[in-house]
Amino acid sequence: MKFRHLLIAAIVPLHAQTGTFTIHMILHAIGEERYEIRHVENGLVLNTSFEYSDRGTKRTTTAELHMKSDYTPLSLEVKGPTSSVIASALEGAASVEESGGKRTFAVPDRYFTVFGASPFALQMMMLRYWNAHGKPGVLPALRSSPDAEAIRIVPVGHDTITVAGIRV
């Protein structure tokens, strides 16, 4: 009987998680971000794209983040209208290219890679990483500048929303 269950599990693919965020500016919807998180052989992949219009200018940014199953970033590529970012953390070394700068350095024990105009789904994955790794007070950011500030996540309140009629 065990073999039968294993065979069924091997045949049934894992479903991707998808979602959409509405982007607002000064209480007006100005665009949308769509994301997909899928399981791959060695972990997870996030693909996201956001598009919005600001004062008549349409902007689109895409990102692909490869992670271990515990949300640890392995590689990130962000493409935007004026810049792109490429970051990877493999075999103990990180390499980051952004805004014309490039740096290679040792990977800290805990870290994340996110940038100023990053899509919101990247920030969502950062929070999942933060939760999965014990909510550290400081997360070093993989950036091309050695002077880049660390990420600090500080809970400042508690929100309740209603999802499908249930308050969460």
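A few comments on the model shown:
- The residues of segment 102-129 that are out of contact with any helix residue (DSSP H, G or I) (no Cβ under 6 Å at 6 or more places or on another chain) and of a type in the set (A, V, I, L, M, F, W, C), listed by number, are 105, 106, 107, 115, 117, 120, 121, 122, 124, 125, 126, 127.
- Residue pairs whose Cβ atoms lie under 8 Å apart, separated by 6 or more positions or on different chains, with the first residue in segment 143-168 and on the phi < 0 side of the Ramachandran plot and touching a residue at least 12 places away in the same chain (Cβ under 8 Å) and the second in a loop (DSSP other than H, G, I, E, B) and open to solvent by 70 Å² or more (accessible area, probe 1.4 Å), are 144/99; 153/135.
For every residue, the table says whether it meets (1) modelled with pLDDT under 85; (2) in a loop (DSSP other than H, G, I, E, B); (3) under 16 Å from the mean Cα position of the chain (by Cα).
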{"position": "5", "(1), (2), (3)": "yes, no, no"}
{"position": "24", "(1), (2), (3)": "no, no, no"}
{"position": "45", "(1), (2), (3)": "no, no, yes"}
{"position": "53", "(1), (2), (3)": "no, no, no"}
{"position": "58", "(1), (2), (3)": "no, no, no"}
{"position": "70", "(1), (2), (3)": "no, yes, yes"}
{"position": "81", "(1), (2), (3)": "yes, yes, no"}
{"position": "86", "(1), (2), (3)": "yes, no, yes"}
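- The set of residues in segment 137-156 being in a loop (DSSP other than H, G, I, E, B) and among the small types (Gly, Ala, Ser) consists of 137, 144, 145, 148, 150.
- Of the candidates 138, 96, the single residue that is open to solvent by less than 40 Å² (accessible area, probe 1.4 Å), at pLDDT 90 or above and farther than 29 Å from residue 30 by Cβ is 96.
- Cβ-Cβ distances below 7 Å connect the following pairs, each with a first residue in segment 62-86 that is free of Cβ contacts under 8 Å to residues at least 60 places away in the same chain and surrounded by fewer than 17 Cβ atoms within 10 Å (Cβ to Cβ), a second residue that is part of a strand (DSSP E or B) and among the basic types (Lys, Arg), and a separation of six or more residues or different chains: 62/79; 81/59.
- So residue 132, is it touching a strand residue (DSSP E or B) at 6+ places or on another chain (Cβ under 7 Å) and among the aliphatic types (A, V, I, L, M): no
- Top-ranked residue of segment 110-123 - restricted to ones that are without any contact (Cβ under 8 Å) to a residue 40 or more places away in the chain and within 19 Å of residue 89 (Cβ to Cβ), ranked as most open to solvent (accessible area, probe 1.4 Å): 110
- Residues of segment 141-168 that are hydrophobic (A, V, I, L, M, F, W, C) and surrounded by 10 or more Cβ atoms within 10 Å (Cβ to Cβ): 141, 142, 148, 150, 151, 153.
- Output for segment 87-104, where each listed residue is free of Cβ contacts under 8 Å to residues at least 12 places away in the same chain, under 19 Å from residue 116 (Cα atoms) and touching a strand residue (DSSP E or B) at 6+ places or on another chain (Cβ under 8 Å): 95
The values are calculated or read from the model by the stated rules, or taken from the named source; none is laboratory data. A quick note: this is a predicted structure, and the numbers were derived from the prediction, not measured. Ideal geometry is used to build each Cβ from the backbone, glycine not excepted, and the neighbour counts take in all protein chains shown. We work out accessible area using only protein heavy atoms, side chains counted, and drop any ligands, DNA or RNA first. Shrake-Rupley method; radii C 1.70, N 1.55, O 1.52, S 1.80 Å.
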